[in-house]
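The values are calculated or read from the model by the stated rules, or taken from the named source; none is laboratory data. Model, not experiment: these values are computed from the prediction. Heads up, the Cβs are rebuilt from the backbone with ideal geometry, glycines too, and the neighbour counts pull from every protein chain shown. When the accessible area is computed, the model is the full protein with side chains, heavy atoms only, and any ligands, DNA or RNA have been set aside. Shrake-Rupley method; radii C 1.70, N 1.55, O 1.52, S 1.80 Å.
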Amino acid sequence: MAPGLAITAIATTAALILGQFVHTVSPLLIAIVMGAIAANVTTLPSVLRPGLTFASKKLLRIGVALLGLQLVLGDILGLGAGMVAVVVAIVTLGITGTMFVGHLLGLSWTQRLLIACGFSICGAAAVLAVDGVVDAEEEEVVTAVALVVIFGTCMIPFLPLLASAMGLSEMDAGMWAGASIHEVAQVVAAGGAIGGAALAVAVVVKLARVVMLAPVIAVVSIRQRRMTDGAANIKRPPLVPLFVVAFLACAALRTTGVLPTGVLAGAKLTQTAFLTAAMFALGTGVNIAALRKVGLRPFGLAAISTVWVAGLALTGVLLAG
């Protein structure tokens, strides 16, 4: 695996450095673009494939598990029962509505699910986590991540302007941003544009959505097990994937407050690096010609999902307030 992991490490480092200069673009997207370019400009040697496969599978799961160290459950409970219920409703109805519209548009089940979870929960990390259970096509994963970045980035200037035009308070605007924007980095950018208080509450609300990743992945895994019941030569996924258990364990550990700041900072960098590595590895499996065949329907679903989730979030924030 050494050759593939070495190339992945170089690409990951480059993506992380570039991400420091372009704050609204996640290193994950940079990495997947780098991987796609490398795969389509030249033919990658087969000796790289074992390391790339390891990065796209194993490092992905470790990265998602470490995401739990960003969560302090006490802060999320501090939002109050009303706002916690709103977050649950946003994720549940967001996924359900997106899946329904995607069905009407004729998209595959896996493509719909990747977009639904990415837009309703936590962006690229949710897309990767779901792919770890359903094993979607690489083109579908790339499409879902790209859509998360495109539409989430568009919301960074749009949502603060709309919140101001509607006369929302800084706290309500911050909760709206955290409850509707896709990526954590995008929430930070939008919350910061609204104000300091908005930024703080936006991040907490967003992390509350991240917590929903665990039960959603568990439900998807159970569904996959049922689909493979009685099927010969098909490996059934675990009832609750091990990386989801590790995610919850990391969240519980962070909540205890025993981990020093330096350890948490190192864990966050490691988590970002592992997910970035996974995205580069996935990108190397992308065929641009095949990606062109995706068409405009995923973009239509992404637009509808963005409006749907934002509408649910705004309604919930106003009701909770």
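Could you tell me whether segment 26-36 includes any residue that is open to solvent by 40 Å² or more (accessible area, probe 1.4 Å) and more than 15 Å from the chain's Cα centre (by Cα)? Write out each step before concluding.
In the first step, residues of segment 26-36 are kept if they are open to solvent by 40 Å² or more (accessible area, probe 1.4 Å); the result is 33-34.
Keeping just the survivors that are more than 15 Å from the chain's Cα centre (by Cα) gives 33-34.
Yes: segment 26-36 contains one or more residues that are open to solvent by 40 Å² or more (accessible area, probe 1.4 Å) and more than 15 Å from the chain's Cα centre (by Cα).
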>> I'd like the full set of residues that are open to solvent by less than 20 Å² (accessible area, probe 1.4 Å) and either under 23 Å from Gly167 (Cβ atoms) or of a type in the set (Phe, Trp, Tyr) (or both), limited to segment 294-321.
In response: Thr306, Val309, Ala310, Ala313, Gly316, Val317
> In the set Gly97, Gly123, Gly102, which member is open to solvent by 10 Å² or more (accessible area, probe 1.4 Å) and either touching a helix residue (DSSP H, G or I) at 6+ places or on another chain (Cβ under 9 Å) or closer than 17 Å to Leu60 by Cα (or both)?
Replying inline: Gly97
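Only one residue in Ala15, Ala2 is more than 17 Å from Val309 (Cβ to Cβ), open to solvent by less than 60 Å² (accessible area, probe 1.4 Å) and in contact (Cβ under 8 Å) with a residue 24 or more places away in the chain. Which one?
Details: Ala2 fails: open to solvent by less than 60 Å² (accessible area, probe 1.4 Å).
Result: Ala15 is the single residue among Ala15, Ala2 that is more than 17 Å from Val309 (Cβ to Cβ), open to solvent by less than 60 Å² (accessible area, probe 1.4 Å) and in contact (Cβ under 8 Å) with a residue 24 or more places away in the chain.
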> Which residues, taken from segment 69-81, are touching a helix residue (DSSP H, G or I) at 6+ places or on another chain (Cβ under 8 Å), assigned to a helix (DSSP H, G or I) and open to solvent by 30 Å² or more (accessible area, probe 1.4 Å)?
Replying inline: Gln70, Leu73, Gly74, Asp75, Leu77
> Given the structure, is Leu239 modelled with pLDDT under 90 and open to solvent by 30 Å² or more (accessible area, probe 1.4 Å)?
Replying inline: yes
> Can you tell me which residues in segment 160-201 are of a type in the set (Gly, Ala, Ser), closer than 25 Å to Leu28 by Cα and either surrounded by 16 or more Cβ atoms within 10 Å (Cβ to Cβ) or touching a Lys or Arg at 6+ places or on another chain (Cβ under 8 Å) (or both)?
Replying inline: Gly174, Ala177, Gly178, Ala179, Ser180, Ala185, Ala189, Ala190, Gly191, Gly192, Ala193
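Test of understanding: among Val88, Val84, Val64, which residue is open to solvent by less than 40 Å² (accessible area, probe 1.4 Å) and of a type in the set (Val, Ile, Thr)?
Details: Val88 fails: open to solvent by less than 40 Å² (accessible area, probe 1.4 Å); Val84 fails: open to solvent by less than 40 Å² (accessible area, probe 1.4 Å).
Val64 is the lone residue from the list that is open to solvent by less than 40 Å² (accessible area, probe 1.4 Å) and of a type in the set (Val, Ile, Thr).
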>> I'd like the full set of residues that are at pLDDT 90 or above and more than 20 Å from the chain's Cα centre (by Cα), limited to segment 266-304.
In response: Gly266, Arg297
>> Need pairs with beta-carbon distance below 9 Å; first residue part of a helix (DSSP H, G or I) and within segment 36-49, second of a type in the set (S, T, N, Q) and surrounded by 17 or more Cβ atoms within 10 Å (Cβ to Cβ); sequence gap 6+ or separate chains.
In response: Ala36/Thr284; Ala38/Thr284; Ala39/Thr284; Leu48/Thr8; Leu48/Thr284; Arg49/Thr284
> Considering only segment 84-138, how many residues are farther than 21 Å from Arg225 by Cα and among the aliphatic types (A, V, I, L, M)?
Replying inline: 17
